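Novice: Here you go, one structure.
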Amino acid sequence: MTAARAASEIKVRAPGRLPRVGIVLGSGLGGVAERVEDAVAIPYGELPGFPQPGVEGHAGRLVVGRLAGTEVAVLQGRVHAYEGTGFAALRTAIRALKLAGVETLVLTCAAGSLRTEVGPGRLMVVADHINMLGTNPLVGPNDDAFGPRFPSLTDAWDPDLRARLSAAGAALGIPMAEGVYAAWLGPSFETPAEVRMLKLLGADAVGMSMVPECIIARHCGLRVAGCAVITNLGVGLGDGPVDHAHTLRTAAAAAVDLERLLVGFVEGWTEGDGGQP
Ligand code: HPA
């Protein structure tokens, strides 16, 4: 099994480490990986079955170490549905983290806001999601070793972890929003009409990631939390067009708050932490 081989490789490369919290960093949000202490960085290319990301802003390495005293495994760089390479590598990466000891997965991404009062630079805790990808990362034969054929997504975004994220933000004076994240296939951004549709459907933010990872993680029993970094208002809601360079620039600015938030979130993490704030 590829995930098991990747997990063994992680154990060989980072001996004695037992990461509890996995963190996936989105476009332009790689900075927190630099704050990991006693870090062992493993390029994805050296881990069996891991994704080979190709988009600007995605470094493609796993960083194992300690963040604020908590053992973490940080996935710096992800694979997106729009790359068209399928979900096998993403399943391998997340399941390898699970086999390496991770119990909780924190997902981050850049996103467009569908609420004009939550503008660029704000952080939005994910309360729930709408999968607009038109596919699901678990399509195909089920691997019963990891989870059931028909996994539940009730409370996919763990309520206790959401509260813990919001509490960490409040303690740091970071204004936090909470909302529903819609996953858009991309790679083209939405049209203004599609943005209006997503708002009507009940979404508060839109991006091109996080949902596949959440589904794979819930399937294998990981607890999931998510935070979107708002880089722009959805197309048609603000003044200008949306482009990837702008996304990366705004993400870099807001990444400072995200880093502080993630440090606050994992600080004082205890074995089998219930995520209680
Ligand atoms: N739409 C989709 N994905 C995004 C956006 C957006 O407006 N901003 C950053 N990622």
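Novice: Does the range 151-188 hold any residues that are more than 17 Å from residue 106 (Cβ to Cβ) and among the hydroxyl-bearing types (Ser, Thr, Tyr), and which are they?
Specialist: Once the filter is applied, which keeps residues that are more than 17 Å from residue 106 (Cβ to Cβ) and among the hydroxyl-bearing types (Ser, Thr, Tyr), the range 151-188 yields 152, 154, 188.
Novice: Within the bounds of the range 202-223, is there any residue that is at pLDDT below 95 and in contact with a Phe, Trp or Tyr (Cβ under 6 Å, 6 or more places away or on another chain)? It would help to see each step written out before you state the result.
Specialist: Taking the range 202-223 as the starting set, the residues that turn out to be at pLDDT below 95 are none.
Checked against the condition, which is being at pLDDT below 95 and in contact with a Phe, Trp or Tyr (Cβ under 6 Å, 6 or more places away or on another chain), the range 202-223 yields no hits at all.
Novice: Another question, then. Is it the case, given these coordinates, that residue 119 is within 16 Å of the ligand (Cβ to nearest atom) and over 21 Å from residue 211 (Cα atoms)? Break it down into steps so the answer makes sense when it comes.
Specialist: Values: within 16 Å of the ligand (Cβ to nearest atom): yes; over 21 Å from residue 211 (Cα atoms): yes.
When the stated conditions are applied, residue 119 passes them.
Novice: So which residues in the range 139-170 are among the aromatic types (Phe, Trp, Tyr) and either in contact (Cβ under 8 Å) with a residue 24 or more places away in the chain or touching a His at 6+ places or on another chain (Cβ under 9 Å) (or both)? Give the derivation first.
Specialist: Of the range 139-170, the ones among the aromatic types (Phe, Trp, Tyr) are 146, 150, 157.
Listed by number, the residues that qualify are 146, 157.
Novice: Limited to the range 168-213, what total is found for residues that are more than 16 Å from the ligand (Cβ to nearest atom) and closer than 18 Å to residue 23 by Cβ?
Specialist: Number of matching residues: 5.
Novice: Tally the residues that are among the basic types (Lys, Arg), farther than 26 Å from residue 208 by Cβ and open to solvent by 50 Å² or more (accessible area, probe 1.4 Å), restricting the search to the range 15-46.
Specialist: Qualifying residue count, the range 15-46: 1.
Novice: Of the residues 91, 95, which single one is at pLDDT 95 or above and open to solvent by 40 Å² or more (accessible area, probe 1.4 Å)? Walk me through it before giving the result.
Specialist: Working: 95 fails: open to solvent by 40 Å² or more (accessible area, probe 1.4 Å).
Among 91, 95, only 91 is at pLDDT 95 or above and open to solvent by 40 Å² or more (accessible area, probe 1.4 Å).
Novice: Looking at the range 108-119, I want the residues that are touching a residue at least 40 places away in the same chain (Cβ under 8 Å) and have a partner that is more than 13 Å from the ligand (Cβ to nearest atom) and of a type in the set (A, V, I, L, M) with Cβ atoms under 7 Å, at least 6 apart or on another chain. Which pairs are those?
Specialist: Here the result reads 108/24; 108/25; 108/258; 118/177, each pair linking the range 108-119 to a residue that is more than 13 Å from the ligand (Cβ to nearest atom) and of a type in the set (A, V, I, L, M).
Novice: Within the range 173-193, work out how many residues are part of a loop (DSSP other than H, G, I, E, B) and among the acidic types (Asp, Glu). Let's see the steps before the verdict.
Specialist: Start the filter on the range 173-193 by keeping residues that are part of a loop (DSSP other than H, G, I, E, B), which leaves 173-175, 185-191.
In the following step, the residues that additionally are among the acidic types (Asp, Glu) were identified as 190.
Final tally of qualifying residues: 1.
Novice: Only one of 162, 115 is open to solvent by 20 Å² or more (accessible area, probe 1.4 Å), under 18 Å from the mean Cα position of the chain (by Cα) and either modelled with pLDDT of 95 or more or more than 18 Å from residue 203 (Cβ to Cβ) (or both). Can you tell me which?
Specialist: Values: 115 fails: under 18 Å from the mean Cα position of the chain (by Cα).
Just a single option satisfies the conditions, and that option is 162.
Novice: Could you look through the range 223-261, keep only residues that are basic (Lys, Arg) and surrounded by fewer than 21 Cβ atoms within 10 Å (Cβ to Cβ), and pick out the one that is nearest to the ligand (Cβ to nearest atom)? Break it down stepwise before answering.
Specialist: Going residue by residue through the range 223-261, those that are basic (Lys, Arg) are 223, 249, 260.
Narrowing further to those that are surrounded by fewer than 21 Cβ atoms within 10 Å (Cβ to Cβ): 249, 260.
Details: 249: 12, 260: 21 Å.
Restricting to residues being basic (Lys, Arg) and surrounded by fewer than 21 Cβ atoms within 10 Å (Cβ to Cβ), the top hit is 249.
Novice: Just checking, does the range 58-79 include any residue being buried (at least 23 other Cβ atoms within 10 Å of the Cβ), out of contact with any Pro (no Cβ under 8 Å at 6 or more places or on another chain), under 26 Å from residue 189 (Cβ atoms) and at pLDDT 90 or above?
Specialist: So far as the range 58-79 goes, yes, one or more of its residues are buried (at least 23 other Cβ atoms within 10 Å of the Cβ), out of contact with any Pro (no Cβ under 8 Å at 6 or more places or on another chain), under 26 Å from residue 189 (Cβ atoms) and at pLDDT 90 or above.
Novice: Give the residues of the range 200-211 that are open to solvent by less than 10 Å² (accessible area, probe 1.4 Å) and either in a helix (DSSP H, G or I) or among the aromatic types (Phe, Trp, Tyr) (or both), sorted by residue number.
Specialist: The answer is 211, and nothing else.
Novice: Scan the range 182-207 residue by residue and report those that are closer than 15 Å to residue 231 by Cα and among the aromatic types (Phe, Trp, Tyr).
Specialist: Passing the criteria: only 189.
The values are calculated or read from the model by the stated rules, or taken from the named source; none is laboratory data. Worth saying up front: this structure is predicted, and the values here are computed from it rather than measured. Cβ coordinates were reconstructed from backbone atoms using ideal geometry, including for glycine residues, and neighbour counts include every protein chain displayed. Quick note on the areas: whole protein, heavy atoms, side chains included, nothing else; ligands and nucleic acids left out. Shrake-Rupley method; radii C 1.70, N 1.55, O 1.52, S 1.80 Å.
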